[in-house]
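Before any comments, here is the structure.
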Amino acid sequence: MCLYNLRGKIFATHDTCTHGQASLATDSSKAREIECPLHQGKFHIPSGKATGVPAPRNIRSYAVKVEDGAVLLKE
Ligand code: FES
């Protein structure tokens, strides 16, 4: 699981790249895209959509709710 704070809004996606077994959690970018550290595939954080080759498929994104300071995810 990856959690992102983009200008105060929280997003969550699956952690593993769809191209290989690379963790996406190592990218500390402040942009709305996350880049895979292994082959630089890219994904749109709010939707999980694959936006850059060689990422072949979207990563899963999760609905997020912040309640009393706790981040809650919905499957
Ligand atoms: Fe992520 Fe190749 S493992 S782009």
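The values are calculated or read from the model by the stated rules, or taken from the named source; none is laboratory data. Since this is a predicted model, take the numbers as computed values, not measurements. Glycine also receives a Cβ, built like all others from the backbone with ideal geometry; neighbour counts cover every protein chain displayed.
Filtering the stretch 17-31 down to residues that are more than 11 Å from the ligand (Cβ to nearest atom) and in a loop (DSSP other than H, G, I, E, B), which residue is nearest to residue 1 (Cα to Cα)?
28
Away from the ligand (no atom under 16 Å from the Cβ) and either outside any loop (DSSP other than H, G, I, E, B) or surrounded by fewer than 14 Cβ atoms within 10 Å (Cβ to Cβ) (or both): does that describe residue 34? Explain how you work it out, then say what you get.
Numbers: away from the ligand (no atom under 16 Å from the Cβ): no; either outside any loop (DSSP other than H, G, I, E, B) or surrounded by fewer than 14 Cβ atoms within 10 Å (Cβ to Cβ) (or both): yes.
Criteria not met by residue 34.
List every residue pair whose Cβ atoms lie under 6 Å apart, where the two residues are 6 or more positions apart in sequence or sit on different chains, the first residue falls within the stretch 7-30 and is in contact (Cβ under 8 Å) with a residue 12 or more places away in the chain, and the second residue, located anywhere, is more than 9 Å from the ligand (Cβ to nearest atom) and of a type in the set (Gly, Ala, Ser).
Filtered contacts from the stretch 7-30: 13/48; 13/61; 15/23; 15/25.
Do you know which of the residues in the stretch 37-75 that are more than 13 Å from the ligand (Cβ to nearest atom) and small (Gly, Ala, Ser) is surrounded by the fewest Cβ atoms within 10 Å (Cβ to Cβ)?
The extreme case among them is 69.
In this structure, does residue 16 turn out to be modelled with pLDDT under 95, among the polar types (S, T, N, Q) and surrounded by 13 or more Cβ atoms within 10 Å (Cβ to Cβ)? Reasoning before the result, please.
Numbers: modelled with pLDDT under 95: no; among the polar types (S, T, N, Q): yes; surrounded by 13 or more Cβ atoms within 10 Å (Cβ to Cβ): yes.
In short, no.
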